[in-house]
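Below is one structure, written out as structure tokens; comments come after it.
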């Protein structure tokens, strides 16, 4: 069993090693999952999206989300299952900081009013390594 600090370091390493995640929201009483580009700072996950998407509307009704990281079609020994709370951030400095040229396919630039960031704050993370039982981090 890893100590909390060690577990957090391992979680951050998995976040660093992955560019894509599955992001789940709730629409009414139904789950909705989609692939998204993964950004992070420490254990906080950031996802870029359009302010006019269903996921933004869904978060207004229910900000409980789920993020799956570490499986991209290839065998992976390290997987994160993250239960979290999400919020829509329109903060100009955060949008500039996280801006990526790849986003130009969807947005005019970091000041495009439709470009927003979803800030995902974990409440529970299950860290799976190989076939061992998950190690759990909780806030």
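Details
- Sub-6 Å Cβ pairs linking a first residue in the stretch 91-102 that is over 14 Å from residue 51 (Cβ atoms) to a second residue that is part of a loop (DSSP other than H, G, I, E, B), at least 6 apart or interchain, are 96/110; 99/110, ordered by first then second residue.
- Selection status of residue 51, more than 18 Å from residue 19 (Cβ to Cβ) and surrounded by fewer than 18 Cβ atoms within 10 Å (Cβ to Cβ): yes
- Within the stretch 16-38, the residues that satisfy the criterion of being in contact (Cβ under 8 Å) with a residue 40 or more places away in the chain and under 13 Å from residue 54 (Cα atoms) are 23, 24, 25.
Computed from the coordinates by the stated procedures, all read-outs in this text should not be read as laboratory data. As the structure is a computational prediction, the values presented were derived from the model and not from experiment. Backbone-built Cβ (ideal geometry, glycine too); neighbour counts: all protein chains shown.
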